[in-house]
1. Determine which member of the set Lys274, Lys286, Lys300 is in contact (Cβ under 8 Å) with a residue 12 or more places away in the chain, more than 22 Å from Ile70 (Cβ to Cβ) and outside any helix (DSSP H, G or I).
2. If I filter the stretch 41-57 for residues that are within 16 Å of the ligand (Cβ to nearest atom) and part of a strand (DSSP E or B), do I get at least one hit?
3. Being touching a His at 6+ places or on another chain (Cβ under 8 Å) and under 15 Å from Phe82 (Cα atoms) is the filter here; which residues of the stretch 24-47 pass it?
4. Could you list, in sequence order, the residues of the stretch 237-271 that are within 14 Å of the chain's Cα centre (by Cα) and of a type in the set (Val, Ile, Thr)?
5. Looking only at the stretch 209-218, which residues are within 13 Å of the ligand (Cβ to nearest atom) and assigned to a strand (DSSP E or B)?
6. Can you run down the residue pairs with Cβ atoms below 6 Å, 6 or more apart or on separate chains, where the first is in the stretch 59-85 and closer than 19 Å to Arg45 by Cα and the partner is within 16 Å of the ligand (Cβ to nearest atom) and aromatic (Phe, Trp, Tyr)?
7. What number of residues within the stretch 173-199 satisfy the criterion of being closer than 24 Å to Leu294 by Cα, hydrophobic (A, V, I, L, M, F, W, C) and either more than 15 Å from the ligand (Cβ to nearest atom) or modelled with pLDDT under 95 (or both)?
8. Let me confirm something: among Ala271, Ala296, Ala259, which residue is more than 16 Å from the ligand (Cβ to nearest atom) and modelled with pLDDT of 95 or more?
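The values are calculated or read from the model by the stated rules, or taken from the named source; none is laboratory data. Note that the coordinates shown come from a computational prediction; the quantities given were computed from them, not determined experimentally. Cβ placement follows ideal geometry from the backbone for every residue including glycine, while neighbour counts extend to all protein chains displayed.
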Amino acid sequence: MKSTLIALILITGCLWAGTPITLVLHGGAGAERKKLSPEKEAACRAVLNEALHKGYDILKQGGSSEQAVISSIMVLEDSPLFNAGRGAALTRDGIVELDASLMVGHSGLAGAVANVHGVRNPILLAQKVMLRTPHVLMIGEGAENLARQEKLEFEAPEWFITPEQKERLERAKKKDLPKGAYIPVPGRDSSLLMGTVGAVALDKNGNLAAGTSTGGLAGKLPGRVGDSPVIGAGTYAENGVCAVSCTGHGEFFIRNAVAYDVAARMKYANATLKDATHTIINDKLKKLDARGGLIAVDAKGNVSTPFNSEGMFHARMGPDGVAYIAVFEE
Ligand code: ASP
């Protein structure tokens, strides 16, 4: 009896030690010191804190990383302060076109949507694509029809548009529009292009998940799709390896398959999470003058949050349950 009890305690201990529940969030890599007022920073931190607790509570109660990622992202989508859902960046024509994706590491399944209008929480629609269809990526009208079929919430176009994003678009339009759209100038104007949200999590069963949601780049051409809904570029999760969510100048993240590159370096070159993520963000992308960052967690609960822009809103909570929120320092 006694030995059975000891064995049980040991097994429970090992299981706990092997799966340190962890949640990491980002609110985009566009934060710039001179443009971020103390009030705005405090407001953004408060929303991140709320999103962090929402997701972490799920993990603490034994819930899945998939559910934690979705719940946290929904808080950020509903906040007008971040470039996702309400408060999303506007296209060159002043409309909101939303992209989102979700990937779960235990099954390798993924779902994503691009160019959707009116869907309040695109991350929920990405989950529906994953669970209810044989597809990975759905766009526009077809994706919106699925949202209706699944009874997801819709909002009027004006609900998504904030004065701040209107002003951001005006600033973008004042710049040169050489190819009919605002083209981010490498190393400058970060605040015009970023603000995407993302989450990665490790649950008590060792399952990893990643999700990303965005309005894309301010001043983008209608129909433009960035990295956020592209599995392997903006989002990736694989059990035993890592979960990654990116933010930044999406065209570079697509061309460099950034999220998958983190996993590939770990799998094939035995890189640590820290080495893989830092090499990509601070070496590979920096050399290309590509601005952005990412959040990542590995199968052991190690966390990495590198960015090569001035700031990136990010937050994390590990097994100790202590919230860490930062903007300009990693
Ligand atoms: N990566 C997003 C995109 O290119 C933008 C962002 O991260 O803010 O659509």
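1. Of the residues listed, the single one that is in contact (Cβ under 8 Å) with a residue 12 or more places away in the chain, more than 22 Å from Ile70 (Cβ to Cβ) and outside any helix (DSSP H, G or I) is Lys300.
2. Checking the stretch 41-57: not a single residue is within 16 Å of the ligand (Cβ to nearest atom) and part of a strand (DSSP E or B).
3. Answer for the stretch 24-47, where residues must be touching a His at 6+ places or on another chain (Cβ under 8 Å) and under 15 Å from Phe82 (Cα atoms): Leu25, His26, Gly27.
4. Val244, Thr247, Val258
5. Scanning the stretch 209-218 gives Thr212, Ser213, Thr214.
6. Correct list of pairs: Leu76/Phe82.
7. Looking only at that region, the number is 5.
8. Ala271
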